[in-house]
Amino acid sequence: MLIIWPLNLSIFPLNWSSTTLCILFIPSALWLIPNRSMSIWKKIMMTLHKEFKTLLGPNTSGSTFIFICLFSLILYNNFLGLFPYVFTSTSHLAMTLTMALPFWVSFMIYGWINNTTHMLAHLVPQGTPPLLMPFMVCIETISNVIRPGTLAVRLAANMIAGHLLLTLLGNTGSAIPPSFISILLITQILLLILESAVAIIQSYVFAVLTSLYSSEVT
């Protein structure tokens with residue numbers, strides 16, 4: 001006799017499921033007739049490919065597509081977090097540090113194994129006086145170590161700041177006079193437009209900085 005136990009959905013972190021919803025749209029996009037929105041997205045991808053190719057140099061060997069996918073993932077999650085009752089995964093360090101740390105570790109391993117001399121020379125900028133070289137090595141080492149943290153904190157802080165401001169303004173709606181409701185709505189609409197711009201800018205900044213860190217180890 002087959003016994004089917006009821007599935008307890010409370011044990012699953014369903015708030016993180018929105019992060020992987022984009023996977024459901026990828027296969028269907030390959031079979032659909034290209035429309036205007038897909039053409040615009042392809043133009044954006046080609047523009048990003050040219051820019052990343054300029055940043056990485058001639059020996060890219062397909063590396064630009066990694067950063068384009070990273071940009072697309074962050075942009076999707078940033079925009080998805082603007083909808084009501086949707087968990088903003090990019091506003092948490094668990095998500096942003098998971099993206100930044102593996103890239104930084106892989107860049108460091110590749111650089112120190114294949115370009116050890118270049119990595120050592122990068123610790124001392126050109127024109128540094130001999131007396132200041134030990135201090136510059138310490139400063140450059142610290143700045144190199146904190147790179148994944150700054151990438152993760154920058155993205156998470158920028159995303160959570162706008163959402164927190166929108167939430168605080170929305171909670172004051174019941175406490176203000178009815179004559180100020182229209183001003184509150186206009187302010188929130190303007191902040192939502194600003195958050196849309198921040199979602200695009202932060203995903204672009206994260207991908208560009210990651211590509212710059214990659215170009216320094218080659």
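Every number in this text was worked out from the coordinates using simple rules, so none of it is lab data. None of these values were measured; they are calculated from a predicted model. Virtual Cβ from ideal backbone geometry, glycine too; neighbours counted across all protein chains shown.
For the reader, a short list of remarks on this structure follows.
- Per residue, the average separation of C-alpha pairs within less than 8 Å and at least 6 apart gives the chain a relative contact order of 31 percent.
- Packing-based exposure ordering (other Cβ within 10 Å, fewest first) of LEU155, LEU70, LEU212: LEU212, LEU70, LEU155
- The Stokes-Einstein estimate for the chain, based on a Kirkwood radius over Cα pairs and taken at 25 °C with 0.890 mPa s viscosity, is a diffusion coefficient of 118 µm²/s.
- Between MET46 and PHE79, the modelled labels are 1.9 nm apart [label points 7 Å from Cα along Cα→Cβ].
- Cα gyration tensor shape of region 16-114, rounded if a/c is under 1.5, else prolate or oblate by comparing a/b with b/c: oblate
- Segment TRP112-VAL86, extension gain: residue separation times 0.36 nm, minus the distance between their alpha carbons: 5.2 nm
- When the helices of the chain are scored as -39500 (n - 2.57) per DSSP H run of n ≥ 4 and the total is divided over every residue, the value at 222 nm lands at -23500 deg cm²/dmol.
- Taking 0.36 nm per residue of sequence separation and removing the Cα-Cα distance, the SER39/ILE201 pair yields an extension gain of 56.2 nm.
- GNM result for the chain, Cα springs below 10 Å: residue of ASN78, ASN171, ASN158 fluctuating most strongly: ASN171
- Among PHE71, PHE107, PHE180, sorting on how many other beta-carbon atoms sit within 10 Å of each Cβ, with the fewest leading, yields PHE180, PHE107, PHE71.
- By other beta-carbon atoms within 10 Å, ranking SER18, SER203 with the fewest at the front produces SER18, SER203.
- With the simple spin-label model, which puts each label point 7 Å out from Cα in the Cβ direction, the PHE135 to THR54 separation comes to 3.7 nm.
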